[in-house]
Amino acid sequence: MTGLNDKQSEACSYVEGPLLILAGAGSGKTRVITHRIAYLIDELAVNPYSILAITFTNKAANEMRERVDKLIDVGSVSIWVSTFHSMCVRILRRFYDRIGGKNNFTIYDTDDQKAVIKEVLKNLGMDPKMYPEKACISYISKAKEEFLTPDDMDKRSGTSYRDMQMANVYREYQKRMVQNNALDFDDLIFKTLELFTRDKEVLDIYQSRFRYIMVDEYQDTNHSQFLLVKMLAAKYRNLCVVGDDDQSIYKFRGADISNILNFEDEYPDAKVIKLEQNYRSTKVILDAANSVIANNEGRKSKKLWTENYIGNKIKYMVFETEYEEAHGVINAILDQRSMGREYSDIAILYRTNAQSRVLEEKLIYANIPYKLVGGTGFYNRKEVRDMIAYLKLIANHSDDISFSRIINVPRRGIGATTVNRIKDNAYASGQSLYDYCKSPDHIDDLGRSGSKICDFISMMDDFTEMSGILGNVPPEDICLTDLYDSIVDKTGYKTALVAEGTDEAKARIENLDELKNKIAHYEQDTDEPGLMGLLEEISLVADTDEGLDTDNKVTLMTLHSAKGLEFPCVYIVGMEERLFPSGLSIDSDDPDAVEEERRLCYVGITRAMEELMLSGATTRMINGTRTYPAESRFIKEIPKEFMERSGVKGRSVVKPAARPAVKPFGSSTFAPGIGGAKPDINNIPGVQKGFSSSGSAVYDYEVGDTVRHIKFGKGTVVSKVKGGSDYEVTVDFEKVGEKKMFASLARLKKV
DNA sequence: GAACCCATCATTTTT
DNA sequence: TGATGGGTTC
């Protein structure tokens with residue numbers, strides 16, 4: 001197979017029987033999966049229809065399909081490439097009725113879950129102070145991740161009163177979910193498992209179809225997902241899982257690392273292939289990552305190596321406060337920029353979202369464009385959620401949660417008292433809120449509000465008619481954007497916002513328009529668009545997936561969201577005990593908690609291709625209190641020879657910005673050394689020394705060596721002259737003749 | 001029914 | 001520090 005190393009190509013062609021691919025960071029994992037699929041189709045003439053590839057995020061799924069599509073001529077559309085969750089939705093939409101469900105179920109997100117829990121606690125007469133919603137949700141989620149029913153959990157409670165109560169909440173919660181005809185994210189997996197367990201015919205349909213199954217990020221699977229994969233693969237046993245135990249960072253959401261560690265116990269005939277060659281990072285960066293992760297116990301033995309050049313030392317800076325730290329990072333970025341590095345090559349990573357604020361402030365001040373990944377997304381805005389609640393209620397009249405959310409939004413004079421009466425009565429008669437209100441017999445019970453409720457229901461009925469979910473409208477006549485316009489308009493939602501006239505209201509109106517754009521996009525890009533499909537997409541596809549990667553901006557995100565990405569230049573901030581590793585993990589009685597933080601550190605370090613800077617502060621404000629954190633243990637785990645420390649007294653060692661956009665950072669002079677020069681073709685945006693001016697970089701070629709340059713091809717090193725922290729290298733290229741360049745920028749590779 | 005004020009409480013997150 | 005939510009007051 002072309003362009004693959006031995007291990008990679010072995011992994012591609014080993015297709016019969018169970019296979020575990022341990023793919024280290026930057027070892028070309030996605031490449032292997034896509035080539036493997038191409039191999040199955042092109043070389044073995046496998047029908048694409050019988051291939052299933054499961055990923056965790058939609059982004060990964062899309063990327064995979066695109067890359068397969070480039071490798072093969074036809075058929076990529078009929079491969080099932082999807083996330084666990086969308087796969088399960090697809091199966092349940094077809095067969096959920098086989099186990100007594102309704103195929104038009106609604107998907108509930110965490111906010112909806114919270115609302116259900118609230119009702120449940122009220123109903124059971126339990127104190128939300130003693131049993132916080134969050135705790136209930138995570139209890140239920142944990143149970144479902146383990147494929148345990150309320151009865152199972154009840155048995156497990158033993159003599160613990162609290163556990164028994166929690167099991168009760170779980171049972172009552174499920175009852176409500178059935179009433180609302182809704183499934184939460186964990187239910188999607190759980191119910192599919194239940195379907196497969198109870199209906200062998202359905203199981204056989206999928207088992208027979210999927211002759212070849214691949215699971216990406218296998219270290220992130222929970223127990224239920226493990227069971228699901230196991231069932232699907234039971235017939236042909238052509239199961240290939242790809243993962244890296246060292247990058248398991250999602251234990252808190254149920255990821256079970258033993259799935260990958262015990263794969264060989266589960267499948268004794270499994271072949272194991274390790275991908276240990278890293279194509280991403282410099283030697284220094286990779287060795288630092290290896291040194292850190294070596295402190296963990298209970299991992300699969302594995303040692304990443306690379307043929308890449310040694311590279312610059314890792315910079316480690318200590319500042320006085322978090323503000324100075326941010327300031328220092330910005331200065332470093334401006335330096336990089338003045339060397340010709342693109343903003344989009346740079347990422348700032350942190351442990352907690354709260355850390356982004358200070359960084360953002362400084363970035364704005366310095367006029368540096370940035371994009372923030374994660375955080376509270378578009379679909380969490382109140383006005384957007386309101387609109388989606390309308391759509392959800394239209395699609396599923398049993399959805400009491402959405403009904404309660406919008407019955408008086410915008411205000412239509414239906415107050416809490418009335419709503420509570422509706423709830424009580426409807427609950428007593430076993431009807432949904434919608435059906436209860438729709439029944440003419442009940443209007444009188446509702447007194448003065450009766451007519452208002454009548455109006456509301458008849459409006460919703462009109463919307464329902466328009467939506468086409470009743471099957472009364474020919475599909476080509478359904479227009480979701482029209483439906484959306486009607487909702488925004490006829491409910492008076494927009495009018496209410498316009499009347500408000502505040503800046504905030506204006507922003508909300510913009511968000512309403514933005515949602516319309518998204519709906520229009522969906523309608524355009526989908527073969528058979530419908531309300532169900534739209535809601536699915538909204539629930540299952542995070543809006544972070546559609547970020548415009550073309551923009552030249554610095555990326556800000558948590559270490560968690562950085563997994564799977566790479567950047568030439570990475571800054572990891574907040575390298576302090578109790579921040580990273582987090583205090584909770586240090587205090588935990590589970591020894592694996594700190595190990596998981598260490599894996600997170602490993603993930604962070606291995607995101608960097610060329611340049612890595614770590615930083616911390618000697619004092620930091622956390623939750624309103626000033627703290628004086630010690631240096632992170634992970635710093636101590638990086639061998640000194642890879643690292644260049646500076647700072648401690650913060651500001652004094654921070655260089656002024658090379659070219660501040662505003663003039664925020666005090667005296668702005670010039671950056672010494674190679675800074676300031678406009679990048680030209682000889683100076684491909686590359687590496688810069690960042691903070692230090694002492695020599696640090698080491699390169700593995702000498703005068704007379706033959707080297708390869710990414711653009712100019714092969715050449716011979718004519719001279720190598722030290723200048724600042726860098727070397728000025730002159731190379732005589734076979735094709736283009738003699739070129740002078742900075743070693744750190746040239747990315748020369750010895751041949 | 002709505003505005004306002006005070007208490008509370010804080011990892012990580014995709015689906 | 002800051003967001004959020006419940007309770008109180010008008």
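Read the figures in this text as sums done on the coordinates, not as results from a lab. None of the values given here were measured: they were computed from a predicted structure. As a convention, Cβ positions derive from the backbone with ideal geometry for all residues, glycine included, and neighbour counts pool all protein chains shown.
Summary table
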item	result
Those residues of region A:582-601 whose amide nitrogen sits under 16 Å from the label point placed on A:T627, 7 Å along Cα→Cβ	A:582-588, A:594, A:597-598
Calculated FRET efficiency for the pair A:R708/A:R90, C-beta based, R₀ 51 Å, to 0.05	0.60
Local electrostatic count at A:G75 - Lys and Arg +1, Asp and Glu -1, tallied over other residues with Cβ under 12 Å	-2
Listed peptides A:170-176, A:472-478 by packing density, highest first (mean Cβ within 10 Å)	A:170-176, A:472-478
Pairs beyond 29 Å (Cα-Cα), from A:K102/A:K251; A:K144/A:K563; A:K59/A:K392; A:K142/A:K392; A:K142/A:K302	A:K102/A:K251; A:K142/A:K302
Cross-link partners of A:K750 among aspartates and glutamates (Cα-Cα below 12 Å; sequence separation of 8 or more within a chain)	A:E307, A:D700, A:E702, A:D705
Burial ranking of peptide ranges A:504-512, A:11-19 (average Cβ count within 10 Å, highest at the top)	A:11-19, A:504-512
Order of A:H85, A:H521 under a 10 Å beta carbon neighbour criterion, fewest first	A:H521, A:H85
Shape of region A:373-426, Cα gyration tensor, a/c cut at 1.5	prolate
Tilt relative to chain A, helix A:480-490 - C-alpha long axis, 0 to 90 degrees, to 10	60 degrees
Tilt relative to chain A, helix A:110-124 - C-alpha long axis, 0 to 90 degrees, to 10	40 degrees
Region A:1-146 - Rg and Dmax from Cα coordinates, angstrom	21.2, 66
Share, in percent, of DSSP beta bridges within chain A that are antiparallel, nearest 5	35 percent
Separation in nanometres of the label points that stand 7 Å from Cα toward Cβ, at A:T376 and A:L124	2.9 nm
For region A:397-487: rounded, prolate or oblate by the Cα gyration tensor [a/c cutoff 1.5]	prolate
Debye log10 I(q)/I(0) at q = 0.10, 0.11, 0.13 Å⁻¹ for region A:495-613, Cα point scatterers	-0.59, -0.68, -0.83
Length released on extending from A:N472 to A:N62, taking residue separation times 0.36 nm less the Cα-Cα span	144.2 nm
Near-label residues of region A:556-581 by backbone N, under 16 Å of a point 7 Å along Cα→Cβ of A:N296	A:559-565, A:581
Karplus-derived HN-Hα couplings along region A:33-42 (A = 6.51, B = -1.76, C = 1.60, θ = phi - 60°), whole Hz, x at Gly and Pro	4, 5, 5, 5, 4, 4, 4, 4, 7, 6
Computed lengthening from A:K134 to A:D424, 0.36 nm per intervening residue step minus Cα-Cα distance	101.9 nm
Across A:K423/A:K452; A:K303/A:K720; A:K200/A:K230, pairs whose alpha-carbon gap is larger than 25 Å	A:K303/A:K720
Within-15-Å neighbourhood charge of A:K506 [Cβ basis; K, R +1; D, E -1]	-3
Cα gyration tensor, chain A - rounded (a/c under 1.5), prolate or oblate	prolate
Cα-centred dipole magnitude for chain A, charges only on beta-carbon of K, R (+1) and D, E (-1), debye, nearest 20	2040 debye
Sequence ranges A:247-253, A:603-609, ranked by mean other-Cβ count within 10 angstrom, highest first	A:603-609, A:247-253
Amide N proximity, region A:1-24 versus A:E266 label position 7 Å along Cα-to-Cβ, cut-off under 15 Å	A:18-22
Rounded to 10°, Cα long-axis angle of helix A:223-233 versus longest principal axis of chain A	90 degrees
Chain lengthening between A:N5 and A:R198 when straightened (0.36 nm per residue, less Cα-Cα)	65.0 nm
